[in-house]
Amino acid sequence: MRNLAAILVLVVVASSVCVLRAQAPAAESRSVWDGVYTEEQAKRGEPIYRKECALCHGDMLTGGESSPPLSGGAFLANWNGLTMGDLFDRIRKTMPQTNPGRLTRQQDADILAFMLSVNKFPSGKTELYRQSEMLREIRFESAKPAAKK
Amino acid sequence: MREKNRNRLNLVLVSSFAGLLCWPVASSAQSQPRNTEWPSYGADLAGTRYRPLDQINAANFSDLEIAWRIKTDNFGDRPEYKLEGTPLMVNGTLYATAGSRRAVIALDPATGELLWIHGEHEGKRGGAAPRQLSGRGLAYWSDGKEERILYVTPGFRLICLDAKTGVRIPSFGDKGEVDLKQNDDQDIFPDLITGEIGIQSAPVVAKDTVIIGAAFREGMTPRSMRNNKGYVRGFDVRTGKRLWIFHTIPKKGEFGYDTWEKGSAEYTGNTGVWTQITVDEQLGLVYLPVESPTSDFYGGHRPGNNLFGETLVCVDLKTGERKWHFQLVHHPLWDMDISSAPILADITVDGKPVKAVAQPTKQGFLYVFDRVTGKPIWPIPEKPVEVGSVPGEWYSHTQPIPTKPPAYSRNGVSIDDLIDFTPALRERGKEIASHYHLGPVYTPPTVSKLEGPLGTLTMGTASGGTNWPGGSYDPELHNVYVYACNSCIEPIGLVPAPKEVSDMNYVAGTAGKEVVVLHGPGENAGADSPKPPKKRQGSGYISLNIDGLPMVKPPYGTITAINLDKGEFVWQIAHGETPDVVRNYEPLKGMSIPRTGQETYNIGTLVTKTLVIAGEGNVTTTPDHPRGAMLRAYDKMTGKEVGAVYMPAPQTGSPMTYMMNGKQYIVVAVSGGPYSGEYIAYTLPSTGE
């Protein structure tokens, strides 16, 4: 009996490991180059950006005197190696500057989708998540991975 | 009345708060030579950002380690990601503004220990402020007995604190404050709570006079051609009493009123001094760098040259009376605010000593004048410039262009400026540029059209060249050291303003893109207002970069050393590591690309006995360091890099230095992206460490 129990434990542990192994690569493979928003979502985000963000960050996302650009090299460098969750949290915590947190999670996600589209990250079939925990699974990488060419 | 009650309530809270956190600082208060301290925002009232210290030098800069650090997250009800302050260090205490509440903190300069904190809870007035967050810093004053700290809150109130305790000085103004929205020779509209006016720069104190300018929101798409005006005032540092006012937009009967045709001086606003003010205490003269009038890119409602918009004005320290002025840009149309402190320099030109003032600018010209007379040191002739065709606009047919020194950063866009790493990239750059009007400095904005041009592609305008951090000056070598963004492209297009957006004829915008509309409940587009333009089908945004690469060629950002005796460059270098997006760009792999510098406008320099020190404005990840930015040191004679030290985030406030207990420290503000504000103090390891 003792042996049987030991075998069962081993099977359970082994299968857990297998499950973890099976899941790990899938979680690690998601980046902004994997179509993490839809075109429709980016279109929804554009008017929200224009109403809520453009006054400071500029019509063309090039930034203003007191606001960083949201496109181009400086923007990409600022977030390279982090996750979409980090970017989403930053927006949730501090934007719009006059009343942080006023926009809904959906609106913030739509704005982010619009920013991704302006920065020429590819769109896909699923919308960008609305929760930071889930967005943390999506890495922000400024350079297009070689394998994805 | 409600305002009064709120202030009283806050006073009680603030007093209790400050009282709880007050420790004596007497142990560290000892008199030191002033040149080992940093007693005002720019090191001195001349705006030099210079200290003749050399314990930290070329041989040991890379050995610097963190002495202390302080995050600013808890100095406000939310973290701040844009910490722009430069602390003061005087009489054994370090003072700084910090956090989203613009709190004032006093620290031990050797350890970073918090000695006291002061914060003002301004409620709606703070929330409605045009210039929020922690600002650039504060001012220190002493008569040898009393020590005071002065700063301006986001809600535009001048606060005077006891430097030893952080408690308000009750005899100053109204229980330690002066409401800057009042007694300003204008009624701030619509009311004292939401009326648009504020300031983010540090006050200046000279000979017992506190000098305060004014700032507003970004002026690209104003709701109205009318706005509050940015007058400059002097106050008695002992009592808070207003001593003088200078009308940056002249009142009827005053000099310059006739440069505002059709009575436009009556309603035009802005034209403030939002950046640092410089003072020559010996001469009793104040140098005011004035910004643009309403609005940044369209001046059809303010015909005329518009004095004192974008003008360097010299006024009397005691009276505020104008002594001389020089308008750098007539009838401003490019947002070329004079954006940084004028720099005072005693130089020798053609064998003669000259008391000069040098003004760095967004347009990359360093304008140099005799600071007593206002006469240019080298000729600044009026040159013909392109006249535009925006309906209703008024154009100056000439602009003053310095003959010396040469422009130290790009201030126009031509095909030759475009990216040229490969022929293919050049072609892509040309394709983007083909949608815009190009030209040299002072090429005017265009109406944005779908068929083109979408606007004028400019550099050296809103965000180019040198912005608020300004330059440094070395009184030993007579060199100005100045960072400039050499790749900050600004497309300036104008679109008719829908009536529900603005009463202006034109505001900044792009054809095919809806002008920002701020709808209230039940609001609809007015029957007579222009219809919003149709959306461009499928074209999306025309990105001004190519796969993230800047569309112009390097260097993207530079530091230039300019000798003021000769009006010539001593050296110019690319400042900042080559951005990740360039180093990792597949088509460029294998190419040898010299360091490009970085595209940013937040970089202030510090000059010491031997070094010019400046941090990077962008994050990079390289084989030599993880995600972060470097604080770099250059030999001030040659520009050669002699050392670098890692920072966890980009420099966002200009560095300063001081001696404490025999050790030299460098303090720099870092923040940005996901990294909230932090002051970091670096020093050398102690012997034996």
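Listed residues A:THR83, A:THR38, A:THR62, A:THR126; which is hydroxyl-bearing (Ser, Thr, Tyr) and under 30 Å from B:ALA215 (Cβ atoms)?
Result of the check over A:THR83, A:THR38, A:THR62, A:THR126: A:THR62.
Of the residues B:GLY540, B:GLY526, only one is part of a loop (DSSP other than H, G, I, E, B), at pLDDT below 70 and facing chain A (nearest Cβ under 8 Å); which?
Testing whether each residue is part of a loop (DSSP other than H, G, I, E, B), at pLDDT below 70 and facing chain A (nearest Cβ under 8 Å) leaves just B:GLY540.
So that you can scan it fast, the table gives a plain yes or no per residue for (1) modelled with pLDDT of 95 or more; (2) under 18 Å from B:THR605 (Cβ atoms); (3) touching a His at 6+ places or on another chain (Cβ under 8 Å); (4) part of a loop (DSSP other than H, G, I, E, B):
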site: B:ALA43; (1), (2), (3), (4): yes, yes, no, yes
site: B:ALA46; (1), (2), (3), (4): yes, yes, no, yes
site: B:ALA59; (1), (2), (3), (4): yes, no, no, yes
site: B:GLY76; (1), (2), (3), (4): no, no, no, yes
site: B:THR97; (1), (2), (3), (4): yes, no, no, no
site: B:VAL104; (1), (2), (3), (4): yes, no, yes, no
site: B:GLY126; (1), (2), (3), (4): no, no, no, no
site: B:ARG131; (1), (2), (3), (4): no, no, no, yes
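Please determine whether any residue of the range B:238-254 is crowded, with 23+ Cβ neighbours inside 10 Å and out of contact with any strand residue (DSSP E or B) (no Cβ under 8 Å at 6 or more places or on another chain).
So far as the range B:238-254 goes, no, none of its residues is crowded, with 23+ Cβ neighbours inside 10 Å and out of contact with any strand residue (DSSP E or B) (no Cβ under 8 Å at 6 or more places or on another chain).
So for the range B:663-676 (the condition being of a type in the set (Ser, Thr, Tyr), assigned by TED's automatic domain parsing to the domain that holds B:GLY99, modelled with pLDDT of 95 or more and within 24 Å of B:ALA110 (Cβ to Cβ)), does at least one residue qualify?
yes
Which of (1) in a loop (DSSP other than H, G, I, E, B); (2) at the interface with chain B (Cβ under 8 Å from one of its Cβ atoms) is the odd one out, the single condition A:LEU70 does not satisfy?
For A:LEU70, the exception is condition (2).
Which numbered condition in (1) touching a strand residue (DSSP E or B) at 6+ places or on another chain (Cβ under 9 Å); (2) over 16 Å from B:TYR442 (Cα atoms); (3) not assigned by TED's automatic domain parsing to the domain that holds B:VAL447 is the only one that B:ALA407 fails?
(2)
Could you grab me the full set of residues in the range B:143-200 that are surrounded by fewer than 20 Cβ atoms within 10 Å (Cβ to Cβ) and of a type in the set (Phe, Trp, Tyr)?
B:PHE189
One residue is enough: does the range B:458-477 have a residue meeting the conditions surrounded by fewer than 22 Cβ atoms within 10 Å (Cβ to Cβ) and touching a Phe, Trp or Tyr at 6+ places or on another chain (Cβ under 7 Å)?
Taking every residue of the range B:458-477 in turn, at least one turns out to be surrounded by fewer than 22 Cβ atoms within 10 Å (Cβ to Cβ) and touching a Phe, Trp or Tyr at 6+ places or on another chain (Cβ under 7 Å).
Yes or no: the range A:24-47 includes at least one residue that is modelled with pLDDT of 80 or more, over 18 Å from the mean Cα position of the chain (by Cα) and assigned to a helix (DSSP H, G or I).
Looking for residues that are modelled with pLDDT of 80 or more, over 18 Å from the mean Cα position of the chain (by Cα) and assigned to a helix (DSSP H, G or I), one finds at least one in the range A:24-47, hence yes.
From the list B:ILE415, B:ILE401, exactly one residue is touching a helix residue (DSSP H, G or I) at 6+ places or on another chain (Cβ under 7 Å) and either free of Cβ contacts under 8 Å to residues at least 12 places away in the same chain or of a type in the set (A, V, I, L, M, F, W, C) (or both). Which is it?
Being touching a helix residue (DSSP H, G or I) at 6+ places or on another chain (Cβ under 7 Å) and either free of Cβ contacts under 8 Å to residues at least 12 places away in the same chain or of a type in the set (A, V, I, L, M, F, W, C) (or both) holds for just one of B:ILE415, B:ILE401, which is B:ILE415.
Return the pairs, sorted by first residue and then second, in which the second residue is of a type outside the set (Lys, Arg) and in a strand (DSSP E or B), the first residue lies in the range B:308-336 and is within 14 Å of another protein chain (Cβ to nearest Cβ) and at negative phi, the beta carbons are less than 8 Å apart, and the residues are 6+ apart or on different chains.
Close Cβ pairs satisfying both conditions: B:TRP334/B:THR458; B:TRP334/B:ILE492.
Given the condition assigned to a loop (DSSP other than H, G, I, E, B), out of contact with any Ser or Thr (no Cβ under 9 Å at 6 or more places or on another chain), more than 11 Å from every other protein chain (Cβ to nearest Cβ) and at pLDDT 90 or above, answer yes or no: does some residue in the range B:482-492 qualify?
no
Looking for whichever is crowded, with 21+ Cβ neighbours inside 10 Å, touching a Leu at 6+ places or on another chain (Cβ under 6 Å) and more than 26 Å from B:ILE603 (Cα to Cα) here; the options are B:GLY455, B:GLY429. Which one fits?
Of B:GLY455, B:GLY429, the one residue that is crowded, with 21+ Cβ neighbours inside 10 Å, touching a Leu at 6+ places or on another chain (Cβ under 6 Å) and more than 26 Å from B:ILE603 (Cα to Cα) is B:GLY429.
Please enumerate the residues belonging to the range A:117-140 that are surrounded by 20 or more Cβ atoms within 10 Å (Cβ to Cβ), within 12 Å of chain B (Cβ to nearest Cβ) and of a type outside the set (Gly, Ala, Ser).
A:VAL118, A:ASN119, A:PHE121, A:PHE140
The values are calculated or read from the model by the stated rules, or taken from the named source; none is laboratory data. Treat the numbers as computed from the prediction; the structure is a model and nothing was measured. Cβ coordinates were reconstructed from backbone atoms using ideal geometry, including for glycine residues, and neighbour counts include every protein chain displayed.
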